[in-house]
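Each remark here refers to the structure printed beneath this line.
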Amino acid sequence: MEALTNKVLGFISDTRFEDLPDNVIHQAKRCLLDTLGALLAGSDTPVVRIMSSFAAKHFRGTGATILVSGERVSPVGAALTNGYGCNALDIDDGYRMVKGHPGACVLPVLLAASESVTDLKGEDFLTALVIGYEVAIRAGLIRHALYQTYHSSGSWGAVGAVAAAGRVLGLEKNRLRNALGVAEYHAPISPMMKGIEKPSMVKDSIDWGAMVAMASVLMAQEGFSGIEPLFSESPDREWIEGLGNEYLILNLYFKPYAVCRWSQPAVVGILGVVKQNDLNPQSVSHIRVRTFEAAAALSCDHPKNTEEAQYNLAYPLAAALIDGQVGPRQVLPPRIFDDSLLKLVDRVEVEVASEFEKVFPQKTYAEVVIHTEDGRELSSGRVEPMWEPPHGLPADDDLEEKFVGIVEPVLGPQKVQEISKMIWDLEKMEGIKPLISACIRGQSFKK
């Protein structure tokens, strides 16, 4: 089975930009726009403010940049802090069958590693990003097949992040093998459902996975050895043998709302009922949600912080009903403490629908039934989240609109437009430093 690991090492080391199909290159740009947008928007959250201070004190250095503050810390510290930023708003992309977020693990590490490379070309950055996604998703498939416990994204995302960083740093194959093994061994094997039962800043361990990944690459550079990576244990050879032919990055979902993906079908449902019936929130007596078991495990309590607002089923419905959207503003103070929202939270009841549970995680369905004060019963019917593959994916304009909407309040319209243009033309750029400079608040572009 060592041949499977060798296949992965060859894919990481030998894939050229010219080898990537046009649709994969285009998808990589879409993923970069979306995940970088999540990182930039997440930079103004309480968790990132805490971690920026932590990294400045305990990960001192000048090797990499915390976005959007521009603080310089060590590459490990930057990967850790920007990892928190990527998932701070829970608005980053995901892959259904690993129940997690590959991009938010890969991008912070790739950014940190790229700052150590002189004039890394845009096409090299995009190639490494694709490699990171492909390896991360396969690592997630293998880990979930080998272990019963539902592990968080950092447990397998760290392996993909090593692939991306190892590529741009030019690790030869033996050291790359060790880096992958070090990351797998040290990655956070975090009990995801425990984090959902009591939401906190630890969330999906994406941040810790990013920190482990960056450290693993640097350790391997120094000669540190690791275990044989998990690819040799893959129960399905096709997952590995498909590398370079089947690009799983094309099957990602994207998130229009800043809450857990499991609550998003219900958000779609309630917005649909409101639109179809021109419903006044004041006329709602109670709301019943039918969904799958994991979504039903989300809290319906009043949120006390951003994380509790995101890992919640009732609160996003209240926000959608009153505000018509569930964006960064809706999951941050002071909005999460608004009495008009919290009164609606108390009117939500949830039940597990057996027909929806049977198809999870392949499909994530919900039905929302709104009961009104005048006796009406208004149902959404069966719905699933927006922006699902293969047929519901967002257009480029949709992702662009999302990017502008969440990043403009942080960086302003001029920088938002400049960043977007760079991303869509990234393969033409001779270096990525201008992109990083554009993502720093108050700093002029460095051409």
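The values are calculated or read from the model by the stated rules, or taken from the named source; none is laboratory data. All values derive from a computational prediction rather than experimental measurement. Note that each Cβ is placed from the backbone with ideal geometry, even for glycine, and that neighbours are counted across all protein chains shown. Side chains are part of the model used for accessible areas, which takes the heavy atoms of the whole protein and leaves out ligands, DNA and RNA. Shrake-Rupley method; radii C 1.70, N 1.55, O 1.52, S 1.80 Å.
Farther than 30 Å from residue 41 by Cβ and open to solvent by 40 Å² or more (accessible area, probe 1.4 Å): which single residue out of 193, 201, 219 fits that description? Outline the logic, then answer.
Details: 193 fails: farther than 30 Å from residue 41 by Cβ; 201 fails: farther than 30 Å from residue 41 by Cβ.
Result: 219 is the single residue among 193, 201, 219 that is farther than 30 Å from residue 41 by Cβ and open to solvent by 40 Å² or more (accessible area, probe 1.4 Å).
Just checking, how many residues over segment 222-270 are under 25 Å from residue 327 (Cβ atoms), open to solvent by less than 10 Å² (accessible area, probe 1.4 Å), part of a loop (DSSP other than H, G, I, E, B) and of a type in the set (Ser, Thr, Tyr)?
0
Look through segment 339-354, keep the residues that are assigned to a loop (DSSP other than H, G, I, E, B) and open to solvent by 50 Å² or more (accessible area, probe 1.4 Å), and return whichever of them is nearest to residue 281 (Cα to Cα).
Within segment 339-354, the first condition is being assigned to a loop (DSSP other than H, G, I, E, B), and the residues that meet it are 346-347, 353.
Adding the requirement that they be open to solvent by 50 Å² or more (accessible area, probe 1.4 Å) leaves 346-347.
Working: 346: 14, 347: 12 Å.
For segment 339-354, the residue satisfying everything is 347.
In segment 47-74, how many are more than 22 Å from residue 411 (Cα to Cα), part of a loop (DSSP other than H, G, I, E, B), open to solvent by 40 Å² or more (accessible area, probe 1.4 Å) and not charged (D, E, K, R)?
Residues flagged as more than 22 Å from residue 411 (Cα to Cα), part of a loop (DSSP other than H, G, I, E, B), open to solvent by 40 Å² or more (accessible area, probe 1.4 Å) and not charged (D, E, K, R) within segment 47-74 amount to 2.
Can you work out which of the residues in segment 88-119 that are surrounded by fewer than 21 Cβ atoms within 10 Å (Cβ to Cβ) and of a type in the set (A, V, I, L, M, F, W, C) is farthest from residue 331 (Cα to Cα)?
Looking at residues that are surrounded by fewer than 21 Cβ atoms within 10 Å (Cβ to Cβ) and of a type in the set (A, V, I, L, M, F, W, C), I get 117.
Which of the numbered conditions does residue 202 fail, given that it passes all the others? Conditions: (1) in contact with a Ser or Thr (Cβ under 6 Å, 6 or more places away or on another chain); (2) at pLDDT below 95.
Residue 202 satisfies all of (1) in contact with a Ser or Thr (Cβ under 6 Å, 6 or more places away or on another chain); (2) at pLDDT below 95 except (1).
Within segment 20-46, take every residue that is of a type in the set (S, T, N, Q) and assigned to a helix (DSSP H, G or I) and give me the one that is surrounded by the most Cβ atoms within 10 Å (Cβ to Cβ). Give the steps one after another, and end with the answer.
Going through segment 20-46, the residues of a type in the set (S, T, N, Q) turn out to be 23, 27, 35, 43, 45.
Subset that is assigned to a helix (DSSP H, G or I): 23, 27, 35.
Working: 23: 11, 27: 21, 35: 26.
So, considering only residues that are of a type in the set (S, T, N, Q) and assigned to a helix (DSSP H, G or I), the one surrounded by the most Cβ atoms within 10 Å (Cβ to Cβ) is 35.
Among the numbered criteria (1) open to solvent by 20 Å² or more (accessible area, probe 1.4 Å); (2) within 20 Å of residue 91 (Cβ to Cβ); (3) in a loop (DSSP other than H, G, I, E, B); (4) of a type outside the set (Val, Ile, Thr), which single criterion is violated by residue 394?
Just one mismatch for residue 394, condition (1).
Just checking, how many residues over segment 98-148 are of a type in the set (Phe, Trp, Tyr) and part of a helix (DSSP H, G or I)? Working first, answer last.
Filtering segment 98-148 down to residues of a type in the set (Phe, Trp, Tyr) leaves 125, 133, 147.
Subset that is part of a helix (DSSP H, G or I): 125, 133.
Here the count works out to 2.
Could you list, in sequence order, all residues of segment 367-379 that are open to solvent by 30 Å² or more (accessible area, probe 1.4 Å) and either within 12 Å of residue 266 (Cβ to Cβ) or part of a loop (DSSP other than H, G, I, E, B) (or both)? Walk me through how you get there before you give the answer.
Within segment 367-379, the first condition is being open to solvent by 30 Å² or more (accessible area, probe 1.4 Å), and the residues that meet it are 367, 371, 373-377, 379.
Listed by number, the residues that qualify are 367, 373, 374, 375, 376.
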